[in-house]
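The values are calculated or read from the model by the stated rules, or taken from the named source; none is laboratory data. Quick caveat, the model's predicted, so the values are computed rather than measured. Cβ coordinates were reconstructed from backbone atoms using ideal geometry, including for glycine residues, and neighbour counts include every protein chain displayed. Calculation scope for accessible area: heavy atoms of the full protein, side chains included, ligands and nucleic acids excluded. Shrake-Rupley method; radii C 1.70, N 1.55, O 1.52, S 1.80 Å.
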Amino acid sequence: MYPPAFDYLRAESVEEALDLLSDTEDAELLAGGHSLLPTIKSGLADPGTLIDVGGIDDLSGVETTEEGVWIGATTTYADALKSETLAERAPAVADAIGEIGDVQVRNRGTVGGNVAHADPASDLPGPLLAADATVHVRGADGERSIPIDDYFLAMYATAIEEGEIVTGIEIPACEGSGAYVKKTSPSSGYAVVGVGVRLAVSGGEIESARVGANGAFGYGRRLGPVEEFLAGETIDGGDVAAEAGERATADVEEWELIEDIDTSSEFRGRLLEAYAERAVDRALDRAG
Amino acid sequence: MPVETVEAEDVRAGEFAGSAVKRREDPHLLTGEARYTDDVQYPRMAHLALLGSQYGHAEIGAIDTSAAEESEGVLAVYTHEDLTESGIDGTMPAADPENGVAVERPLLARERVRYQGQPVAAVVAEGRYDAFRALDLIEVEYDRLEAAPELEDALAEGAPRLHDAAEGNVCFESETGDEEATEEAFSDADHTVALTVANNRVIPTAMEPRAAVARYRKSEDALIVELSSQNPHSVQDRLSDVLDVPEHRVTVRVPDVGGGFGAKLQPYSGHLLSAWCAMALERPIKWQARRTDDFQSMVHARHQETEIEAALSAEGDLLGLRGHIDADLGGYATGGGVGIPQGTAAMLCGQYDVPAGHVSVRGVFTNTAPISAYRGAGRPEAAYVIERLGSACARELEIDPAEFRRRNFIPSKEFPVETALGRSYDSGDYEKTLDRALEIVGYDGFRQRQEAAREEEKYLGIGFSSYVEVCGGSSGDMEGGLVRMNPEGGVVVGTGTQDTGQGHATSFAQVVADELGVDYDAVEVIEGDTDRVPEGGGTAGSRSLPMGGGALREAAGRLVEKGRTIAAHQLEASEADIEFDDGEFRVRGVPDRTVTIEAVAEAAYSPGDLPEGVDAGMEETAFFTPEGSTAPFGTHVAIVEVDPDTGELGFERYVAVDDVGTQINPKLVEGQIKGGIAQGIGQAVYEEGRYDENANLATGSLQDYAMPKSWQLPEVDWESTETPSPNNPLGAKGVGEAGTIAAMPAVVNAAIDALSPFGVDDLDAPLSEETLWRAARGETR
Amino acid sequence: MEFSDTFEIEGVTTEEAWLALSDPVLIEECLPGCQFLVRVEDVGEDPDEVDFDALAEEADGEEKPPTLPEADPDDVAARAFEESGRYATLVGIQVGSVNPSFETIVTITKREFPEMHASAEGGSSSSSFELDSGMILSETDDGVEVDWWAETDVFGKVARMGQRVMNPVANQVVNRFFSDVEDRISEVDDESSSFRERVRDVVSRG
């Protein structure tokens, strides 16, 4: 469909982006455009101005850091996938990026855009929660870092304040293994459910686990009971994955699970369990 | 093994028919040189956009176009009144069913809308964006009415009445077969098996949405319309009819088409209005539908709900079939909507020898997009019903499903036959395709493997679809073929069929090159221009090769005969002594007295070289009408695995053995079958056009309507047999629809077989994970 | 789409909750993106009959009167919802970058202590919705229990293009409204007995 008319401004730097954002009424930020433009073209959104931050070089690139890895906000998925350090240090996140959309989407869409938009069915909230990431933002008052556990608030709602822009995601290096498994919607390509797992492993035992899900709820959420169960289990104990998976819906009310035209809440819960099992299974495999 | 293609230069003269020559269409399609309707540009061209109704059922009061008229770039905004004021009645030709009522189909809504997206107003603007943006500024007074999106809503007591003329929302009722004989068969039966089968609504989703560019030359009162279509001559008729312009002053041309599949067999409001606007504004007008426009207001397909029952002997022989079909027409009745379900009823015997049958059909209006033809047009629906029933009978009588089919097939020596439900099949050898399919799939060991797998909680299932379909034209149909050889030896071929991706230029050139003994590359094929080919039936129901190819074979044959007369004169021999082989005329027994057909063609244009009584020129037109239709057939077998815990379905094998009579180009045949299978699997597993209870189209875009992607489809093990058709000179049967007709029953039967340990004996398509999961748990959603 | 739930407020009387819930000013504060909620006379249920632009202008800059417990119960009673009364309001949904605004007419279809029903019809340029809703108050040991339900039908572009999120978004919007209502009423707690008596009086007068 054809989008309604909009003004287009290009920011060459983060400062400029922040200025434009505060000075322009009814503006949305544009990076890869693959969440925003489909929404505009389907007639659901109608921003007066798009402020394009996709060309800000400072915000692009994957870097190895002392603690782990840094993904610049405007790094495209395709570029992120080329990074060996990301695959090594943040395996669940790397898995997830590879599952997003298709080749064309991955060539344009950005990690920061995904995180800022927080579509409940996108593929990053779950693995970022599992990876204990930190979202870095900058606003008029300066820089701020938001722990991922405090970041996802409600459907499409995050802890980013008005006038702030995501600058990058910081991910601590994985000390064990990680994985992301997704049930893809055959129509939209989004996650019907997607589960990210990170295991801290030592001496054949799981010291701790972080498990995050997207697609299942209004926003990315951790699966506490699965994490609690995994802590202390051995990585090659026969039914660990299955028993972990069963606990995926342990403290979840059916009404919390998304119900839409294709999938009921009840079935979504079943898929959440099945895919939690698969994600744990894959992480255990990789740990072995 | 996929068919291997050959280069044209590697094919021996006279052996083009039957060879897998590489498609000559591909280079320009794949290198960006294709020219689709949206690529057509003219100076001063303006753009048309249509406003679709917000509601599925509403009365329309005032339409305030003032804000839209003042919007940037807008040249005009039109409603129904503007059309009637110009002197036309503003309607499209409506279906007029026997045993039913005709209802008006306005180009732009008048008083009432009956499906969401029904065109209500038209905007013409300088730019494409200008036109679509102005749509939101049109204010329509809607008085929302209660909607009946489902068949059961429309048929319920107290349902809203969609058309005044249609009581109970029933458009027509019809029946086929012999009710009395069928009742007798049922009273004699040892067993009866009954089934309720739903054919789910699908939305034909060609890669190229609808489009037209219309120009009007006022000085000549000439209308030229270029559009993405399957039948330019029919469009020419409609334009003439609707706009009141004499037919000979209407030219219709079809550029490259990105898929039609049946949905482009009728001109829509947008096409007709682009022409009307071109006349009203005296500027070229382009209408390019958006994907969402196509979802809402292009025809939908296949929605039928059927009750069917089989009468059987103790040994499992079919004695009779009786049933009733409720066919969803949508908000308005199209010709296809009315004819197709009646065709379904007549096809319900399938491959089986059924002595007696009776099926009634009822066409019902609902507040949804109108329904019409889509690849198979009634035969996928029929194959699905009878093949589901066949497997159900086998299950209930505890007979092996392949055996049940074999036992009940029409024996090959009986052909041609007329079935108890009124269809004629020209030729067939059903056992042969079944046997070959069973062999390829390894049926012998399957049941043991299935048993062993079940013990490990792996659930495999096998599904059969032994289909027959009837297509390829009919005794009431006609197609023309023109073959002209130019004095320099080039050959121009024209026919009234219309390529929308099938490969006509390739296959017709093969037929004619062989017939004339000329170079394949020397043959040029023309379609899609009503000025160059004055009559034609378009491409639908797999008619192109049997009908167009048949006409061309005839015309080419006549050309050879004319050539023989001229050659006899040139070689100074009697016609009876002239043989024609490999492009050369020769005197029998005198090997060095020869003349090529090219030389004859040259001579044909020199009046001094012609025998007496023979007109100059080397051109023949033949009009071909067959004795009857063709009946392609085959057996498809699918092996699937279903995970009862997640409802996930995977394909282990898909085997297809098809018989489409003589094959002119085996690669094209393979492509048609596999493409058809993809669309059949799409309906079986992924696709459903859904409306919510308020008649909003819930699957209004590709984000919500799941088209199968290449990685979701199985590899197809394909083989074929060739049982020629007696009904056309090529012996060819239609192939375009066979794959789609066959696939859905094979897949659904396989899923039912896979879940049978859970007590599942029935499933509704599409087989989403949730549907399969719930079935395994003994629930329906 | 159907939604329903129950919430409890401690420390308020049923009459206090009832009066608060009947206050258009309090409700306006809970409706998403709402700029005004004003009574309109002589109109039907169809939003097209009302000039929303004019109402928005009027409302702009107007000061909002106080709500309970600061407000005088008599003032609240004077402006309270009336059965068959119609009210015009602008409802703005905000979900990510999607923020449609619906010109809406709310009709109080029933108002009989302790039960109130309302229906609403709203439209934007290409979509519309219809809503039926109700609540019943009952006294508990510690306060008041409010049972609410809502049924909504959506038409047009939002229903066509927003299927992936329509259900959860509507869920969120409706739930948030009632949760905001819950928050606001729980502030309506003035334990002075004279306040409570006045409220009881006002409510018993209807």
Discussion item. With within 21 Å of B:ILE752 (Cα to Cα), acidic (Asp, Glu) and part of a helix (DSSP H, G or I) as the only criterion, which of B:GLU387, B:GLU398 stands out?
Written reply: B:GLU387
Fill in: Filtered residue count, the range A:111-132, keeping only those that are under 13 Å from A:ALA159 (Cβ atoms) and over 9 Å from the mean Cα position of the chain (by Cα)
1
Response to the item:
Within the range B:686-726, of all residues that are at the interface with chain C (Cβ under 8 Å from one of its Cβ atoms) and in contact (Cβ under 8 Å) with a residue 24 or more places away in the chain, the one farthest from B:ASP328 (Cα to Cα) is B:SER701
Worksheet item: Out of all the residues in the range B:587-627, which are charged (D, E, K, R) and open to solvent by 60 Å² or more (accessible area, probe 1.4 Å)?
Response: B:ARG588, B:ASP592, B:ARG593, B:GLU598, B:GLU602, B:ASP609, B:GLU612, B:ASP615, B:GLU619, B:GLU627
Discussion item. Of everything in the range C:134-159, what is open to solvent by 20 Å² or more (accessible area, probe 1.4 Å) and not aliphatic (A, V, I, L, M)? Give them in sequence order.
Written reply: C:SER138, C:GLU139, C:THR140, C:ASP141, C:ASP142, C:GLU145, C:ASP147, C:TRP149, C:GLU151, C:ASP153, C:LYS157
Item to complete: Could you grab me the full set of residues in the range B:740-781 that are in a loop (DSSP other than H, G, I, E, B) and either open to solvent by 20 Å² or more (accessible area, probe 1.4 Å) or within 11 Å of chain A (Cβ to nearest Cβ) (or both)?
Response: B:GLY759, B:ASP761, B:ASP762, B:ASP764, B:PRO766, B:SER768, B:ARG777, B:GLY778, B:GLU779, B:THR780, B:ARG781
Discussion item. When you check A:LEU21 against the structure, is it outside any loop (DSSP other than H, G, I, E, B) and open to solvent by 30 Å² or more (accessible area, probe 1.4 Å), yes or no?
Written reply: yes
Discussion item. Within the range C:54-62, does at least one residue satisfy the condition of being surrounded by fewer than 17 Cβ atoms within 10 Å (Cβ to Cβ), among the small types (Gly, Ala, Ser) and assigned to a loop (DSSP other than H, G, I, E, B)?
Written reply: yes
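Please find, among C:ILE93, C:ILE105, the residue that is crowded, with 21+ Cβ neighbours inside 10 Å and within 24 Å of B:ALA695 (Cα to Cα).
Unique residue meeting the criteria: C:ILE105.
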Worksheet item: Picking from C:ALA118, C:ALA78, which residue would you name as being of a type outside the set (D, E, K, R), loosely packed, with under 14 Cβ neighbours inside 10 Å and more than 15 Å from C:CYS34 (Cα to Cα)?
Response: C:ALA78
Response to the item:
Scanning the range B:454-469 residue by residue, those open to solvent by less than 50 Å² (accessible area, probe 1.4 Å) and touching a strand residue (DSSP E or B) at 6+ places or on another chain (Cβ under 7 Å) turn out to be B:TYR459, B:LEU460, B:GLY461, B:ILE462, B:GLY463, B:PHE464, B:SER465, B:SER466, B:TYR467, B:VAL468
Practice prompt. Within the range C:158-184, work out how many residues are under 14 Å from the mean Cα position of the chain (by Cα) and closer than 20 Å to A:ALA157 by Cα.
Written response: 8
Fill in: Candidate set from the range C:119-157 (those that are more than 9 Å from chain B (Cβ to nearest Cβ) and not in a strand (DSSP E or B)); member that is nearest to the chain's Cα centre (by Cα)
C:SER124
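Restricting the search to the range B:235-279, which residues are among the β-branched types (Val, Ile, Thr), more than 20 Å from the chain's Cα centre (by Cα) and under 11 Å from B:VAL225 (Cβ atoms)? Quick ask: steps written out before the conclusion?
Initially, the range B:235-279 is screened for residues among the β-branched types (Val, Ile, Thr), giving B:235, B:242, B:245, B:250-252, B:254, B:257.
Restricting the remaining residues to those that are more than 20 Å from the chain's Cα centre (by Cα) gives B:242, B:245, B:250-252.
Correct list: B:VAL245, B:VAL250, B:THR251, B:VAL252.
Between B:ALA551, B:ALA567, which is without any contact (Cβ under 8 Å) to a residue 40 or more places away in the chain, part of a helix (DSSP H, G or I), touching a strand residue (DSSP E or B) at 6+ places or on another chain (Cβ under 6 Å) and open to solvent by less than 30 Å² (accessible area, probe 1.4 Å)?
Working: B:ALA551 fails: without any contact (Cβ under 8 Å) to a residue 40 or more places away in the chain.
Going through B:ALA551, B:ALA567 in turn, just one is without any contact (Cβ under 8 Å) to a residue 40 or more places away in the chain, part of a helix (DSSP H, G or I), touching a strand residue (DSSP E or B) at 6+ places or on another chain (Cβ under 6 Å) and open to solvent by less than 30 Å² (accessible area, probe 1.4 Å): B:ALA567.
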Practice prompt. Starting from residues that are within 21 Å of B:HIS324 (Cβ to Cβ) and either over 28 Å from the mean Cα position of the chain (by Cα) or of a type in the set (S, T, N, Q) (or both), keep the ones in the range B:385-406 and report whichever is most open to solvent (accessible area, probe 1.4 Å).
Written response: B:GLU396
Worksheet item: Across the range A:86-105, what is the number of residues that are in contact (Cβ under 8 Å) with a residue 12 or more places away in the chain, under 13 Å from A:GLY33 (Cβ atoms) and either over 14 Å from the mean Cα position of the chain (by Cα) or assigned to a helix (DSSP H, G or I) (or both)?
Response: 1
Worksheet item: Can you tell me which residues in the range B:683-706 are farther than 23 Å from B:TYR115 by Cα and surrounded by fewer than 22 Cβ atoms within 10 Å (Cβ to Cβ)?
Response: B:TYR686
Discussion item. Need the failing condition index for B:ARG593 against (1) at pLDDT below 95; (2) out of contact with any Leu (no Cβ under 6 Å at 6 or more places or on another chain), just the number.
Written reply: (2)
Worksheet item: In the range A:123-138, how many residues are open to solvent by 10 Å² or more (accessible area, probe 1.4 Å) and on the phi < 0 side of the Ramachandran plot?
Response: 3
Worksheet entry | Spans of helices (runs of 4 or more DSSP H) in the range B:87-190 with at least 2 residues open to solvent by less than 60 Å² (accessible area, probe 1.4 Å), in contact (Cβ under 8 Å) with a residue 12 or more places away in the chain and under 27 Å from B:HIS271 (Cβ atoms) | B:128-135
Fill in: Residue satisfying all of: in the range A:234-249; away from every other protein chain (no Cβ under 12 Å) and under 23 Å from A:GLY218 (Cβ atoms); least open to solvent (accessible area, probe 1.4 Å) among these
A:ALA248
Worksheet entry | Filtered residues of the range A:250-269 (kept if buried (at least 22 other Cβ atoms within 10 Å of the Cβ) and of a type outside the set (A, V, I, L, M)) | A:ASP262, A:THR263, A:PHE267, A:ARG268
Worksheet, complete the sentence: When the range A:34-74 is checked residue by residue, the ones that are within 13 Å of chain C (Cβ to nearest Cβ), surrounded by fewer than 18 Cβ atoms within 10 Å (Cβ to Cβ) and part of a loop (DSSP other than H, G, I, E, B) are A:GLY48
Worksheet item: Out of curiosity, is B:GLY634 crowded, with 24+ Cβ neighbours inside 10 Å and in the same structural domain as B:ALA383 (by TED's automatic domain parsing)?
Response: yes
Worksheet item: Which one is farthest from the other protein chains (Cβ to nearest Cβ), of the residues in the range C:178-196 that are assigned to a helix (DSSP H, G or I) and crowded, with 20+ Cβ neighbours inside 10 Å?
Response: C:ILE185
Worksheet entry | Extreme residue, farthest from the other protein chains (Cβ to nearest Cβ), among residues of the range B:650-682 that are polar (S, T, N, Q) and open to solvent by 10 Å² or more (accessible area, probe 1.4 Å) | B:THR662
